Every structure is written in C-alpha cells, then in structure tokens.
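In what follows, a structure is listed as structure tokens, so that the remarks can point back to it.
Where a number appears in this text, it was derived from the coordinates with a stated rule and is not lab data. Nothing here was measured: the structure is a model prediction, and the numbers come from that model. So basically every Cβ, Gly included, is an ideal-geometry build from the backbone, and we count neighbours across all protein chains shown.
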Number of protein chains: 2
Amino acid sequence: MSKHSIYPITLDGNSTEQKRQEIKEYFHNTYELYEKVFEVLKDDEVFYKKSEITRHPMIFYYGHTATFFINKLINMKIINERINPSFESIFAVGVDEMSWDDVDSKNYNWPKMNEVREYRKIVKDKVDELIINLPLTLPITDDSPMWIILMGIEHERIHIETSLVLHRQMPLELVKEIDEFNLCDEVGDSPKNEMLKIPTCQVNLGKDKTHNLYGWDNEYGEFSEDVKEFQTSKYLVSNGEFMEFVKDGGYEKGEFWDDEGKKFLQLTSAKHPTFWVKDGEKFKYRALSSIIHMPNNWPVDVNALEAEAFCRYKSKKDGVEYLLPSEAEYGAISRHVEMLDILDFDETNANQNLVNFSSCPVDKHDFKGIYDVVGNVWQWSRTPMRGFDGFEVHPAYDDFSTPTFDEKHALILGSSWASSGNLIMKNSRYAFRKHFYQNAGFRYVISSAKDKDLGDIYESDELVSQYCEFQYGDTHFGVNNFADECAKIASKFATNKTKALDLGCATGRATFELAKEFDKVEGIDFSVRFVGVGSKLKSDGYVAFHSVEEGEISTNKKVTIEELGYEKLKNRVSFWQGDACNLKPNFNSYDLVMATNLIDRLYNPRLFLDTIDERLNKDGILVITSPYTWQESSTNKEFWLGGYKDEDDVEIRTIDALKNILSQKFELIHLQDLEFVIKETVRKYQHTISELSVWKKK
Amino acid sequence: MSKHSIYPITLDGNSTEQKRQEIKEYFHNTYELYEKVFEVLKDDEVFYKKSEITRHPMIFYYGHTATFFINKLINMKIINERINPSFESIFAVGVDEMSWDDVDSKNYNWPKMNEVREYRKIVKDKVDELIINLPLTLPITDDSPMWIILMGIEHERIHIETSLVLHRQMPLELVKEIDEFNLCDEVGDSPKNEMLKIPTCQVNLGKDKTHNLYGWDNEYGEFSEDVKEFQTSKYLVSNGEFMEFVKDGGYEKGEFWDDEGKKFLQLTSAKHPTFWVKDGEKFKYRALSSIIHMPNNWPVDVNALEAEAFCRYKSKKDGVEYLLPSEAEYGAISRHVEMLDILDFDETNANQNLVNFSSCPVDKHDFKGIYDVVGNVWQWSRTPMRGFDGFEVHPAYDDFSTPTFDEKHALILGSSWASSGNLIMKNSRYAFRKHFYQNAGFRYVISSAKDKDLGDIYESDELVSQYCEFQYGDTHFGVNNFADECAKIASKFATNKTKALDLGCATGRATFELAKEFDKVEGIDFSVRFVGVGSKLKSDGYVAFHSVEEGEISTNKKVTIEELGYEKLKNRVSFWQGDACNLKPNFNSYDLVMATNLIDRLYNPRLFLDTIDERLNKDGILVITSPYTWQESSTNKEFWLGGYKDEDDVEIRTIDALKNILSQKFELIHLQDLEFVIKETVRKYQHTISELSVWKKK
C-alpha cells in the first residue's frame, strides 16, 4: 500500500455527508502530498530557480495549484471574492509550454515563499469550507459545483507528477533526499525483450458521462477501431536495451531522427537520455534526488523523439518495422490482459500511485504475460491527442485539452510510479509535445495498421470556427469586417503608436490589423481556444476552419498569412492567455487598449474598468465596443453595468454607467454605432449593432 | 385510510431499484383508479355523451390520459415510435375550455370503446417497461426522463378529479353507484359561521427546484407578500348558509353579479347551485351517482361567480365587505394553523385523497380552530393565476400554466375529497375560469388588502414576446415583415381561395393576413403559448408584449386589431393547438397550406411531408419556408431531411430532399430566398435568409 497517496473517490454514493468527508480526506491527502513533494527542493532559494529554461521557476508551480482552485471557482461564479488577486494572476497559467504562457522571468516580481505558504493555507481553509457547504447531490456530475473542487484536486495530482519530473531535472546540489521517498532497490541486468502476439479485436474507447470516476473532457465521447493482429514487446525498453542504441552512436546518426528530432538534437546537443549521467566511459542514473548505479533492468526515460529514433534504429538492425503503439493498439493490449480500472485494481500489482519514488525492474509486474501494461513509466504512443466523437470542453476549463489537439502532442499511455488520482484511471488520456520529458519510456510494436494523417489542422471547435469565419471569412449584408473597422477607428484616435493591447482578441484578426500602425501589439483572450488561432497564424502561417453551410455540412476554409498581408507584421504581435478582470502586472504602458465585445462577457466588468487607466500611457486611448447584451451565464446580475432597474426603479443604461465610471479618469471623445455580422449557417446570421466609444486618458 | 389512493412518491432516495418499484406502484394505483372512476358511467354508450356541452364526450377523457404519456414521451424524444397515431391526435388536447380545443363532435370519428381499452393496456405495458428501463439517478429532477412518467401520472391524477365532476354532471340515468365509492353519512344542520382573526405576517410562497415532491411549472419560483391582519370565516360556506342567498332571490338580483356573472346567468338561467335539485319548494342534492336529502352541513359547490355574488349579498346585508381570500391570505391561514405538507400529513385529518366520494360536514375537520383549511371542497380565491418570480415552463408541457396567466383564471385553494397526488401537496396551485364547476366552494374574509389590477395583459413569456415583436413590431435593416410577405406570396400562387391553413402560425399574424384573400383561415401551432396570442387578438382585440431594449429593460408595446385593420377579418380566422406531424383528421380540404419556418423544428418532418397532400384540394398549394437550421434539440439527427452526409459520404441538402419527397405528388412552381429579422435586443438581431418554395398538388 502506498503510504502517501489514497485512491480517488467515486462520484456516486448514498450519503452526501459521507461523500463530503471522503472528498475532504482526498483533498487533504492531495494538497499535503503536493507540499511534501516540494520538500525535495533544498531551501527557499531554489523555489526561484528553473529546472528547465522553457518553464517557470518552481515557486510558480507551488502557488499555481492553489490559485487554480480560486480562479476556477471565480470563473464558475461559485465564489465572488478573490483571496489574493495578484497571486491569482501571476500563478494563473502554465503546465505545457505554450507560446501564450509568458515564462520570461523579468515580467514577474515573485513574492516571498512565506507569503505563498500562507496563501496556500487560506485556500485550503476556503476549499474545506466549500466541501462542507456547497450544494451536493449524488452522483456528482460535471455541472455540480463540487465538480470544480474535484477538478482542482485532480489538477494538483497532475502537478504532483510533473513537479517530481522538474525536481529530478534540478541540479543535484539543489535538491535533498526525503527519507519517506523510497527508491526501488531491485537493480540488475536487463531481461531480453521479445515480441508477443495480440489477436485481432475491436477496441472501444471513451467514457460515458455516467461513469462514477472523475474525468477530464478528452476522456468522454466515443471511439471505435478494429485492430488487426499485431505484436508488442513483452517489456518496456530498459536502460540496458536502450544502451546498445546509445553505444552505436544513435544520437549522432541523422537517419534515425525526423526533422523535429534533428531540431531537438541541435538545440540540446543530447548524446544520451537526459537522466543518464556520463561517468567516464559508463553511465550512471539520475533518480529523484540522487545519482545511482545504472539500473539496467529499469525502463529507460526518454522523450518521444528519442523513442522514435530507437525504433528506426532497431527496425534497420532487424529488418522489421518497429513502431510505437497506437492508442487503439494499446487499448487492445489492455483488453487482452483484461485490465481492471482503479478501485478494482490492487496497486501492489503495478508501480504507480507513489508506492515507490522511482522506476523498478521491467520484468517485475506481469499482466498475463505482458509487463508494465500500466505503471513504472508512461509509454509514448504514435497517436496524436485528438478528441473522441462527441468531445465537449468543460466550461470551467475549456483549454485543458483543446490546445493539445494540434497533431503535435503525442499521447502517453499507461501511467508511471508518480501517477495517482485520475492519472491512474483506465480512461485517462494525457499527451505532451514530443520533446518533453516526463516519467515516460516506451514499448514497441510490429503492426500493419495505417495511421491517419490529418494534414492541415482545421479548427474542430464549433464556436472558435464561427469566430474564425467572423474574423477571417466573408462579409455579409454589406457590413464590413468588424475587426478591421475597429482597428482602423482605434488607430485614427490614438496619438502615440508604440504599443497596443487587443483585449478579448478572440482569434486575433484585430491584433494583426493594429500592427499595421503600432510597433507592438499584444492580443489577450481569456480562452486559450481562441488565443491559439492568432498564435497559429503567427507561427504556422495559416488559419484553417470550418464554415457551416447547413446542419452538419460545412466548407473547409484556409487563410494564409500571405493572403492577409500579415507576413511582415508577425513579429510585432504576440498572443497571451489572460483574464481582463485580473491582468498580470507586466501588461502595461499601452498607447491603446481596445476591448471589443468584451465588457458584457466579463464576470466583473467593473474590476476591469476601475483599473485599466493604470495600464495606459499619458494620452492613451481606450476603445470599448459592445452591444451590451448582458446575460447571467456570463455576468451575475449584481455585476451588470446596465440593462436593469435600480432600487428606485430607474432604468440604468450601460452607456450611462460607462460615463459614470470612466469620467473621472477619461474624456469621452467619440461615440458611434458599428455593425457586425456573425455567420451561423449559410442562411442564419447574428446581426448586431455594437456601440463603439473612444475614451482618452486625462 | 383511503382504500383507493396511495400517497405520491418522493423524488429522492438511496436506491434506484426501490424508486422504480415505488413509481410502478404509484403508476398502477393511478391508472387503475382512473379506470375504476369511469365505471360510474352506466355503459359504453355513455362514453359517447357529453356531460357539458362545452366539453368533449367522455371517451375523450378516457383515452386522453393514456395518449398524454405517449405524446409527451415522443415530444421529449424519449421514445420514437407512436402506438396509435390516430388516437394520439384525437385524444390529444383538452381539460380547460380553450378556444383552441376543438370540441365540435362532428369533427371526430370516435373509436370503439374496446379499442380504447386495448390501447390503454398497451400504453400501460409501455410505461411499465420505461419505469424499469429508463436511465435513473436520484433525486429525479425536471430534466430526468423519469420526470415525464411522473408528469403523466400526475396529469392522470388531475383527470381523476375532473372526471368525477363530469360524471356528477351526467344525467342520473346514465350513471351507476359503485359500492366502494362511499358517500359520507354525516348529514345534519349547518353550523353558524363566524369570523376569526389571522394576525399580520409575511407569506412566502413558491417551491424550490430541490423540493422532493413532483411539481408543476407554476409552483416554482418566489413570491413574498406582507399580509396585514384580516378575518376569515371559520367554516366553508355550507349549503345551509348559502340557502339564504338563494331563497332571497340572489340569482335574480343583478346587483350581486358582475358582467361575467350576468353573462353566466344569462347563458345558464341558473337559479341555484348546479348540484342542487329542485324538489317542490325544497332542494335535494346531487351526489356522485345519486340524489340525496340536502346535506345542509356540507359545503356548497359553486363556481367563482356564484361565490362572489354571495359575498356581495352578505356584504350588503351585514354592512361589511366580504371577499374571497387572496392567495397570500390563504397562505397566511395555512401558516397560522401550521399546515403540514403531504407525507407528514395524516389523511384522516381532512376530507381528501378519496377517503370519501363526497363532501362531509364543514365542522368536521378542525385545523387549530379553522375548519377545512384543506380538503372537502376547493376554495375559490380572488387572486388570478400568475407565475411566481422566476417562473419557467417545462419543455415537455409548455402550456400547462401559461394559457391560464390571462387574469381570467382564478386560483382554487386547498383541495377536495376527490384530490390526490400533486393536488393535495402544500405547494400545488390550480386555477379555473370563474364559470367552471369543480368540487369547489368558498370561505370568505374581511380584508383591507389592495389587490393589483394588471390592466392589459402583457405577454410575460420572453420567447413569445420576441415572436410578437417579430410579427407585430417594427422592421429592421430594411427587411419587410416576414408574415406579411409570406402571406402575399402564398396568395399570389393560390388558384382557389376558400380555405387556408397557416401551419406553425406562431402568434398568428400571417393567419390574419391570409384572411385578406381567403374566406377561412385556420392557424395551428404546437405551442398554446403562441396560439394564445392570435386567439387573444381575435377575442380581446389586442396583442400586448415586451420588446427588449438592453438587459432586463424593455418597452411595453400594444397593437390593436383596429390598427392592424383586421377587425373585419376576425370571423374568418380561428386558432387551434395541433401537432404538424400528427394533425387531427378534421383539418382538411385546404386550397393553401403554408408552413413557415416549421419543418426544421418538427420531431419528424417526414411524417408531415408524406401526408400533407391528403389535406389539400385539387390544385392546392403548399408553401414551405425554412432556413434549414437543423438542430438536435428539435429533431433527432436520424429525422433531419438534410444538412448531413449519407453513408456514401454524399452531402444531402434539404432542398434536394424536399424535391425527392414531394415530387411524386407536387410540382415545384416557385423558389426564392426571403429574409427575416428577429429582434433580441435593440442592438442584437437574428438575420436569416429562409428559402421559400411553392409546390402545386399534381
């Protein structure tokens, strides 16, 4: 039994009181385990260091999981009050390395560790209070307030695992050994690998909404594939098995690496797996907080690019094509060994749930003849992360999976010694960029399967596609492109044109348009689903989306950066995820802030209006457009700026409220109507008349 | 204990299996009790007779409650297959006497009783099967499929009560006595009534969504009123107390009756309560199936107009104003006597739940000094039926309450001996037109409360208001009124102009417009919420609605029949509730059928298209307009006409599907686009381009 990690709770049950107790226990176990894991860092100084240049310093991660609870609870309007707006802004984004997560440390003034520890305590008490007091009916479903608590817990479980990887990447002198964090002591020679047949079968993946364990958005829906007979390696590839590839100079031979792999070699000058430590002619092995003799019988930790290179090397040597398994093939293996789900699965049968704080021999955990089907290290797949049929984002976390649906994120299968909670559930699905390090290795297969290559990645999100059509598609009813018009009008009124902010930038069209006039333009949106489009236009040079014609029939549309004439502007623009009601401090010194169709979608528009002047330069311009369509799903009625009657039964209009709020710090210099049309189908449009107001900072 | 009727089930619980058993038992009790109640009718012949000229023959009611289950289950897409489309059309509508419920018997070819009995059996088996197999989590909420089953059961409970009234109205020779249906045997002199004080208090009504008993839409929401001290009669008004009014010639003296009351007297020539039977100089009393000596100590059964007349009579006599209680005052009485809800309430303490099959003495059931606070007979209120704050229709039954929000339906308070199920729950609210007979009497109060008079009845339903604005409001973006344009185009293509059908007539504008050309136009809509608007324009001469400006701020708009120029057309139009996929047989012989924006909102558009030719005359014209916005919330994907890819990956467009389906029986003679604009707020519009196709019957 794991001393450290309890199993996740079920969503159903008969007693809400008992369920609250179970959730509380599971929350405490998670929250305390997370803090325990950070004891690996030698002292508080280390929290300000990065273990990876592309990532945040460790203090970010320490604060992040606590702010996550508050940010999601605020976002879902379950609570109204922030605990520490500054922390909840600077600790807000980031696990995967995305272009819109700003990891440039000079942009952050990290707080003192004691303040963060104190903050974590307050959050813990707040969550405890909610666990006892939130409305609760069983089963807990994804629209229950309690789901957000479970989301926070499972999110922290993920960070327990990823933080352990970051700690392991820290220089040895910055970490310390924790007595309770026992390494496996079974070290020896690697067993000879062999191939085993998996018979033809149909694999059905995807979890039903009624499943009684918490799930992330990407786990739900349906997927079915007929998997033809194939062979799989009996064991994960061990350090011993991988050694041959290294010794044969595998890292130096271009033929084994694809373009992405070659780029990785070039950037890192890697000559061997990252957790191997060169020791004369031999290699030692970096465990969590120590360097030990090479455990040849443990699985090798590699990224997907290294795993693929090994497969190409072995294919050449044996004259047979070895591949990483597809997601469906892994499903077939799992089915073949009659894998049980967590709760029915005894954790002593696999190296997971922090029973050890290291890998263990690849020939230790036998699943009906195939070893380590789950546990030990994650296994890279050749299948990119994709949504199953019926995929839907969860409104509280719409960017958990969607940014990974880019055909660049490879699935990791199984689980590792550091996995717990949702990570060890049978239906869970995680993916990383191929150069990323995790507690991940691989097994290989011999398979005749044909994989789909999707080519250009067309936006699969209906709402994002609709916005792409709005910003990059055709015009209708003689109404000009709204993003263009807004950018033109805003540029006309701006006195200085050094730096502009496009707040609520959606798919980024106006951000680029503003860059025709401004030296630097930052586009910010709350939703990474949207920010990703502008970001992709900048990095990949195109936007591709579906334009709905009738029912489910749509046309694929692709617009390139050349067609748009933005090629020369792209270095002027950048895209970031951000909350307009709680922007990070480094977003400042603007000559223009443009907020198009934003204010009536904010959870607290007043917060935005009361502080935006601080981010504007002298003579700076604020442009607001909105049709003032207040709705409770976006903004609780108490936070509406207008569109209601006050206590004296006086009708409050939004434009009057804006004048009231902004008049102290701004002068209203222009007011006009500006139409826009959003296409829903070839026959159905939203035709809206927004009010555009231009405010000059006094 | 009632031998006949068990108490309703709770919505919560720990075991779904047990809950299914409870629902099944409750369903059987209800369904069998309903059939038992119809044994009062002497033989099968009687089922073809009406007990009230304004109502259907009894066979309708016998079939109606069974078809209700199927119609609602189809409507909610819980089942796809009808059991008997013909029965489910002719038995579909009707409890209250609404202008859109067609009770003209020549329009119906009623089936044989044995067929209806057989049908009831099949429905019972189907419902039994669903009770066991529908997905079920506890608590059952109003979006659970099982809610529809409970809705069917509670609907039948209502008809148990109203059918007993109809049976009691049947001539004595057409009914028989049922041994088990025992009358109360306590008959005697009426007690002297007196007034009791109810102290000032705050009354809060309205049920929370989490309440653990089934509720109808009108019970949910919030209502609060400060009720000043008032006096209430200790007893319900007995036959003995009412006798004085009758003997004093109360039914002949116009001063005691308002306009509606005078009209009632004129139409009925009533001289005494309807269940009193003149016997020489004296009166006897019609019980369910027998005539008995006048029970002076039982409550009088009267309609609201008679109750109000009595109050005016007594006011004049005593020099004090007596009124019927308001809903809030009744709430104060209920609060004062610490009324318990059903389940905590022992039915032997009140005359309800069919413990007797008659009233009983008004001085028998004491609630802390006030008698018959619930039970015996319903008590007419002076408050019209209105929705509480936060009122929402249930999607399966959007016309349960909304047609009664017309200030013409008075609430009935308490419950009667024939009430069971939801009818005896503390939060239930029912209302009837004031001339209607139920098992209802009254108590009176002396009160200084000021009641609200709402004047014109503005549409409170947001969607209906939006449609009123669409059909009767302003035009936008230079796009003409859509209903006018459709009517014009359709009239142009019609060869003969005797009779037209406006199918999916919504708020009725096009129905009136077509009447400029056609001698007779019938408007049909699935939703009574919509049909009610056209019907009100015809009967009351105006349409009044809210036009949203911004957020919750809206303008009241009123359009009169004179302004529209429809005064002379009103006798040409009629409005009916109906299902386009299962129209009643009497809707036929049309020269024009116009289906505007209908086909993509039908649950099975093919059913409509395949049979509509049968309802058209020779050379008849079918006009279809639609933007083809297929959506699963209206139409399961398997029933979409177009907007999908078929098995061979061929895109199927709706216009091509229409050509395929209709070409055998129709010739396509005209095709054009026709725009329309629906206002959501003063700044936000739906701008749509429908396709209008004109088909001539071959």
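Results, tabulated for the structure shown:
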quantity: Rule-of-thumb Rg ratio for the stretch A:8-59 [Cα; 2.2 N^0.38 Å; N residues]; calculated: 1.71
quantity: Distance from the stretch B:266-326 to the stretch A:155-197 (C-alpha centre basis), Å; calculated: 89
quantity: FRET efficiency for residue A:558 and residue B:475, using Cβ-Cβ distance with R0 set to 41 Å, rounded to 0.05; calculated: 0.60
quantity: Furthest towards positive pole of dipole, A:432, A:482, A:273, structure part chain A, Cβ charges; calculated: A:273
quantity: Rg [Å, one decimal], Dmax [Å, integer] - the protein assembly as shown, C-alpha atoms; calculated: 36.9, 126
quantity: Inter-copy label distances at residue B:45 (7 Å, Cα→Cβ; nm, one decimal); calculated: 10.9
quantity: Relative exposure of B:498, A:625, judged by other C-beta atoms within 10 Å (fewest first); calculated: B:498, A:625
quantity: Overall dimensions of chain B by Cα: Rg and Dmax, Å; calculated: 26.5, 85
quantity: Alpha carbon centroid spacing (whole Å) that separates the stretch A:611-668 from the stretch B:395-430; calculated: 43
quantity: Bins of 10 Å, starting at 0 and running to the largest distance - Cα pair percent for the stretch B:180-312; calculated: 10, 28, 28, 26, 8, 0
quantity: Reachable aspartates and glutamates, given that their alpha-carbon falls under 18 Å from the alpha-carbon of residue B:24 and they are not under 8 places away in the same chain; calculated: B:12, B:32, B:35, B:125, B:128, B:129, B:154, B:156
quantity: The stretch A:154-242: proportion of alpha-carbon pairs further apart than 22 angstrom, %; calculated: 63
quantity: Helix-only [θ]222 nm of chain A, DSSP H runs n ≥ 4, -39500 (n - 2.57) each, per residue, nearest 500; calculated: -9000 deg cm²/dmol
quantity: Dipole magnitude (debye, nearest 20) for chain B, charges at Cβ of Lys, Arg, Asp, Glu; calculated: 1740
quantity: Percent of Cα-Cα distances greater than 19 Å, calculated over the stretch A:565-641; calculated: 44
quantity: Three-way shape label, the stretch B:540-582, alpha-carbon gyration tensor, a/c 1.5; calculated: oblate
quantity: Nm distances between copies for residue A:185, ranked from closest, using label points 7 Å along Cα→Cβ; calculated: 9.2
quantity: Sequence-distant aspartates and glutamates (8 or more away, or on other chains) whose Cα lies within less than 16 Å of residue B:696; calculated: B:591, B:610, B:613, B:614, B:619, B:667
quantity: Furthest towards positive pole of dipole, B:345, B:264, B:290, structure part the stretch B:261-389, Cβ charges; calculated: B:264
quantity: The stretch B:300-345 shape via C-alpha gyration tensor axes, a/c threshold 1.5; calculated: prolate
quantity: Across the identical copies, how the residue A:281 labels are spaced - nm, sorted shortest first, 7 Å along Cα→Cβ; calculated: 13.7
quantity: Pairs from B:3/B:121; B:112/B:536; B:488/B:659; B:50/B:488 whose Cα-Cα separation, in the structure shown, is over 30 Å; calculated: B:112/B:536; B:50/B:488
quantity: Separation between Cα centres of the stretch A:125-140 and the stretch B:523-590, rounded to whole Å; calculated: 48
quantity: Cα pair distances exceeding 17 angstrom across the stretch A:565-698, given as percent; calculated: 65
quantity: Distance (nanometres) between label positions extended 7 Å along Cα→Cβ at residue A:540 and residue B:366; calculated: 8.2
quantity: Ranked list, fewest to most other Cβ atoms within 10 Å of each Cβ, for A:486, A:201, A:184; calculated: A:201, A:184, A:486
quantity: Size of electric dipole in the stretch B:494-621: Cβ of Lys, Arg +1 and of Asp, Glu -1, about Cα centre, debye, nearest 20; calculated: 360
quantity: Compactness of the stretch A:261-309 - radius of gyration and Dmax, Cα, Å; calculated: 11.7, 31
quantity: Ranked list, fewest to most other Cβ atoms within 10 Å of each Cβ, for B:327, B:680; calculated: B:680, B:327
quantity: Where no second cysteine Cβ lies under 4.7 Å, the cysteines concerned in the protein assembly as shown; calculated: A:201, A:311, A:468, A:486, A:505, A:581, B:201, B:311, B:468, B:486, B:505, B:581
quantity: Which listed pairs, of B:452/B:557; A:49/A:538; A:262/A:408; B:49/B:584; A:234/A:364; A:77/A:698, have C-alpha distances above 22 Å, in listed order; calculated: A:49/A:538; A:77/A:698
quantity: Rounded if a/c under 1.5, otherwise prolate or oblate - the stretch B:108-172, Cα gyration tensor axes; calculated: oblate
